[in-house]
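What follows is a set of notes on a single structure, which appears directly below.
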Amino acid sequence: MIIVTGGAGMIGSNIVFALNKMGINNIIIVDNLRNGRKFINLKDLDFQDYFDKENFLNLIKSNYDFGKIEVIFHQGACSSTTEWDGKYLMNNNYEYSKQLLNWAQDIKAQFIFASSASVYGLGKNGFQESPKCENPINPYAYSKFFFDQYLRRIILKKQSQIVSLRYFNVYGPREQHKGSMASTIFHFHNQIKQSNFCKLFEGTDGYLNGEQMRDFVYVDDCVDINLWFMQNPQKSGIFNVGTGNPEKFNNLADHIIDWHKKNKNIEASIKYVKFPSELKGFYQNFTMADISSLRNIGYKKEFTSLKLGINNYLRWLEQQ
């Protein structure tokens with residue numbers, strides 16, 4: 001049996017979809033469906049059972065028999081970088097994850113966890129999987145950072161695989177439910193459809209208008225890395241998941257505008273908006289995954305180029 005927490009979310013549902021394509025359906029999905037928009041991500045998935053995240057934890061505590069659990073993909077979390085309720089984040093992202101990790105060790109199941117590049121903060125010391133680079137700047141990032149610190153201690157006496165994947169800016173299918181936390185690609189696409197322009201931030205902290213840079217990674221690549229670790233249970237550690245090739249927001253917008261011009265005959269442009277004062281000091285103007293650890297451990301597959309990823313994703317969105 002395979003457990004996917006956050007299985008109705010973006011990355012989790014894509015993992016289940018990929019497992020189904022491999023002929024695997026002995027899957028338990030765990031999630032919180034208070035956001036009913038997530039249901040759409042479950043409609044084409046083949047799985048054995050679903051549990052609410054709180055009920056699932058209670059069942060673990062009561063020694064419920066789920067059958068033999070081989071792998072736990074722990075993708076579930078509050079992923080809002082603008083959530084400032086620290087108590088909620090620590091309960092949901094830290095304590096819950098600790099209990100799940102300890103259970104995975106007790107039953108000797110592989111544990112593959114969704115961490116975040118937000119742990120690097122403004123990236124002033126780089127983006128290597130090292131404490132010297134980690135400097136979280138919001139409560140969400142702290143909740144991920146603290147769990148990675150806990151994981152580092154547990155991994156020294158591990159009974160089975162423990163992997164933490166630090167996702168950079170993930171985009172792609174099945175993120176419609178995320179609202180303001182959806183990818184920039186998703187928002188630019190909708191802005192162009194609604195108003196024929198996409199909105200970028202004006203320059204800040206020495207960056208010119210729209211020249212801030214992020215490492216955008218296609219969701220299919222994130223899924224492939226999760227499945228690679230599932231198939232390589234002897235590999236453990238903390239790993240960045242990004243392309244290592246940051247892209248300017250201006251170039252990102254140009255790719256999306258070109259797609260609309262070519263496929264929808266829509267002429268669009270860029271509109272720069274004032275940088276929000278509340279984000280000053282809390283915004284990653286630059287990210288770039290150092291993926292040397294991932295390469296050194298044996299993952300060799302090339303990442304999807306931004307242009308190809310955008311083309312694939314926008315075609316998918318238009319078919320929904």
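The values are calculated or read from the model by the stated rules, or taken from the named source; none is laboratory data. Not measured: the values here are computed from a predicted model. Neighbour counts are summed over all protein chains in view; Cβ atoms, including those assigned to glycine, are modelled from backbone coordinates with ideal geometry. Only protein heavy atoms, including side chains, enter the accessible area calculation; ligands, DNA and RNA are left aside. Shrake-Rupley method; radii C 1.70, N 1.55, O 1.52, S 1.80 Å.
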Cα gyration tensor category, rounded, prolate or oblate, for the stretch 35-179 with a/c compared to 1.5 = oblate
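Mind checking the per residue accessible area of the stretch 250-320 for me, 1.4 Å probe, whole number of Å²? Walk me through the numbers before you get to the answer.
Values: 4130 Å² over 71 residues.
On a per-residue basis, 58 Å².
Set the Förster distance to 25 Å, then compute FRET efficiency between Asp52 and Gln231 from the Cβ-Cβ distance, nearest 0.05.
With R0 = 25 Å, the Cβ-Cβ based efficiency is 0.25.
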Beyond 21 Å, what share of the Cα-Cα pairs of the stretch 51-115 is found? Please give it as a whole percent.
-> 24 percent
Taking every pair of Cα atoms in the stretch 182-233, average 1/r, invert it to obtain the Kirkwood radius, and report Rg/Rh to two decimals.
-> 1.19
List the relative contact order of the stretch 163-320 as a percent without decimals, with contacts defined as Cα pairs under 8 Å and 6+ residues apart.
-> 34 percent
Cα-based Rg (one decimal) and Dmax (whole number) for the stretch 139-182, in Å?
-> 14.3, 40
Over the stretch 3-138, what is the mean sequence separation of C-alpha contacts under 8 Å (at least six apart), divided by residue count, expressed as relative contact order in percent?
-> 22 percent
So which DSSP H runs in the chain come out at 20 Å plus along the axis (Cα) with average Kyte-Doolittle of at least -0.5?
-> 139-155
State whether the stretch 1-118 is rounded, prolate or oblate according to the following rule on the C-alpha gyration tensor (a ≥ b ≥ c being the square roots of its eigenvalues): a/c under 1.5 gives rounded; otherwise a/b larger than b/c gives prolate, and the remaining case gives oblate.
-> oblate
Between Leu59 and Phe282, what is the spin-label point distance in nm, taking each point 7 Å from the Cα along the Cα→C-beta axis?
-> 3.6 nm
Stretch Lys98-Ser305 to full length: gain in nm at 0.36 nm per residue minus the Cα-Cα span?
-> 71.0 nm
Pairs beyond 21 Å (Cα-Cα), from Lys132/Lys178; Lys124/Lys157; Lys262/Lys301; Lys248/Lys271; Lys53/Lys235 = Lys132/Lys178; Lys124/Lys157; Lys262/Lys301; Lys53/Lys235
In Å², what does the accessible area per residue of the stretch 120-219 work out to with a 1.4 Å probe?
-> 40 Å²
Restricting the count to DSSP beta bridges whose residues both fall in the chain, what percent are antiparallel, rounded to a multiple of 5?
-> 5 percent
At 37 °C and 0.692 mPa s, what whole-number value in µm²/s does Stokes-Einstein give for the translational diffusion of the stretch 207-320, with Rh from the Kirkwood sum over Cα pairs?
-> 200 µm²/s
Between Asp44 and Trp316, how many nm apart are label points set 7 Å from Cα along the C-beta direction?
-> 0.9 nm
With a 1.4 angstrom probe the carbon and sulfur portion of accessible area for the chain, in percent, totals 48 percent
Beyond 19 Å, the calculated P(r) of the stretch 153-216 holds a percent of Cα-Cα pairs equal to 55 percent
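Averaging sequence separations of C-alpha pairs under 8 Å and six or more residues apart, then dividing by the length of the chain, give the relative contact order as a whole percent.
Computed over the chain, the figure is 17 percent.
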For the stretch 67-106 and the stretch 152-230, compute the distance between their C-alpha centroids and round to whole Å.
-> 19 Å
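Quick one: if you take sqrt(5λ) for each eigenvalue of the C-alpha gyration tensor of the chain, what semi-axes come out, biggest first, whole angstrom? List each step's numbers first, then the result.
On the way: eigenvalues 207, 102, 67 Å².
One finds semi-axes of 32, 23, 18 Å for the chain.
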Of the stretch 273-293, those with amide N under 20 Å from the point 7 Å along the Cα→Cβ vector of Phe197 are 273-277
